[in-house]
Amino acid sequence: MDIYLIRHTKTETVNGLCYGQSDVALADSFVAEARLIREKLPDLSADCLIISSPLNRCIQLAQTFLRPIETDERLQEVNFGDWENQRFAGIDANMLKNWTENFVTISPPNGESFNDLCRRAGSFWDELLVKKPAQQVLLITHAGVIRALFAHVLQLPPANAFKFRVDVGSVHKLQHINDYTYIHYVNQ
């Protein structure tokens, strides 16, 4: 099973905005960016399955493939809780410092930690591998989820997942065959 992890395109947000699970608009460059993503992929197989985060920035990209789409809540970006749609500069400096130094284990108020995200993304991944629903699967999601999946597949300490660069509009290919997952490429 070939699995492509695809990060959504650029968003139309102000710099420094905390918007994990908030629905935000896509940048005006969406059509061109979506075309570039499709060009990075091989021809889609007849049974290609597209699974997307339910957030609009991912759904809109998934729709450009003109195939049926499944959504899964576990593919959403990290939940910033009370910090959603706030600028980082407006968050209490001591709380923000504590979180940035301990984001793997500490969550924003009413949000989730990176460990929480890793658990839900790992649950999704394990279920996908058991079901083996198609020869080709496109997962349209977010940087945090892609990093969490890399940590899960490679059995890395979660903090080490941030050593992976995950650009907007990037494609990452994994292949699961004979009960083993290979990473073909990262951040194309």
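Return yes when Ala121 is free of Cβ contacts under 8 Å to residues at least 40 places away in the same chain and crowded, with 20+ Cβ neighbours inside 10 Å and no when it is not.
Against the criterion (free of Cβ contacts under 8 Å to residues at least 40 places away in the same chain and crowded, with 20+ Cβ neighbours inside 10 Å), Ala121 does not qualify.
Go through segment 61-88 and give me each residue that's in contact with a Cys (Cβ under 7 Å, 6 or more places away or on another chain) and crowded, with 17+ Cβ neighbours inside 10 Å.
Phe80, Trp83
List the residue pairs whose Cβ atoms are under 7 Å apart, where the first residue sits in segment 17-36 and is at pLDDT 95 or above and surrounded by 12 or more Cβ atoms within 10 Å (Cβ to Cβ), the second is of a type in the set (Lys, Arg) and in a helix (DSSP H, G or I), and the two are 6 or more positions apart or on different chains.
Listed pairs, sorted by first residue: Val24/Arg57; Leu26/Arg57.
Run down Arg147, Arg165 and say which single residue is under 25 Å from Leu36 (Cβ atoms) and either surrounded by 19 or more Cβ atoms within 10 Å (Cβ to Cβ) or within 11 Å of the chain's Cα centre (by Cα) (or both).
Arg147
Can you go through Ile146, Ile59, Ile51 and tell me which one is touching a helix residue (DSSP H, G or I) at 6+ places or on another chain (Cβ under 8 Å) and at pLDDT 95 or above? Spell out how you get there, then give the answer.
Details: Ile146 fails: touching a helix residue (DSSP H, G or I) at 6+ places or on another chain (Cβ under 8 Å); Ile59 fails: touching a helix residue (DSSP H, G or I) at 6+ places or on another chain (Cβ under 8 Å).
Matching residue, one of Ile146, Ile59, Ile51: Ile51.
So which residues in segment 89-102 are surrounded by 15 or more Cβ atoms within 10 Å (Cβ to Cβ) and assigned to a helix (DSSP H, G or I), if there are any at all?
Answer for segment 89-102, where residues must be surrounded by 15 or more Cβ atoms within 10 Å (Cβ to Cβ) and assigned to a helix (DSSP H, G or I): Leu96, Trp99.
Considering only segment 170-181, I want to know if a residue exists there that is in contact with a Phe, Trp or Tyr (Cβ under 9 Å, 6 or more places away or on another chain), modelled with pLDDT of 95 or more and either among the charged types (D, E, K, R) or under 19 Å from Phe114 (Cβ atoms) (or both).
Looking for residues that are in contact with a Phe, Trp or Tyr (Cβ under 9 Å, 6 or more places away or on another chain), modelled with pLDDT of 95 or more and either among the charged types (D, E, K, R) or under 19 Å from Phe114 (Cβ atoms) (or both), one finds at least one in segment 170-181, hence yes.
With assigned to a loop (DSSP other than H, G, I, E, B), charged (D, E, K, R) and under 22 Å from Leu138 (Cα atoms) as the only criterion, which of Arg57, Arg67, Arg74 stands out?
Sole residue among the options that is assigned to a loop (DSSP other than H, G, I, E, B), charged (D, E, K, R) and under 22 Å from Leu138 (Cα atoms): Arg67.
Which one of these does Asn79 not meet: (1) in contact with a strand residue (DSSP E or B) (Cβ under 8 Å, 6 or more places away or on another chain); (2) under 18 Å from Gly144 (Cα atoms)?
Answer for Asn79: the failing condition is (1).
Looking at (1) more than 19 Å from Asn187 (Cα to Cα); (2) surrounded by 14 or more Cβ atoms within 10 Å (Cβ to Cβ), which is the only condition Val14 fails?
(2)
So the check is Cβ under 9 Å with 6+ separation or different chains; which pairs have a first residue in segment 163-176 that's more than 23 Å from Asp126 (Cα to Cα) and a second one that's among the hydroxyl-bearing types (Ser, Thr, Tyr) and outside any loop (DSSP other than H, G, I, E, B)?
Qualifying pairs under 9 Å: Val168/Thr11.
Can we say Asp47 is out of contact with any Lys or Arg (no Cβ under 8 Å at 6 or more places or on another chain), of a type in the set (Asp, Glu), assigned to a loop (DSSP other than H, G, I, E, B) and in contact (Cβ under 8 Å) with a residue 12 or more places away in the chain?
yes
The values are calculated or read from the model by the stated rules, or taken from the named source; none is laboratory data. Predicted, not measured: the structure shown is a model, and the values here were computed from it. FYI the Cβ positions are ideal-geometry reconstructions off the backbone, even for glycines, and counts take in every protein chain you see.
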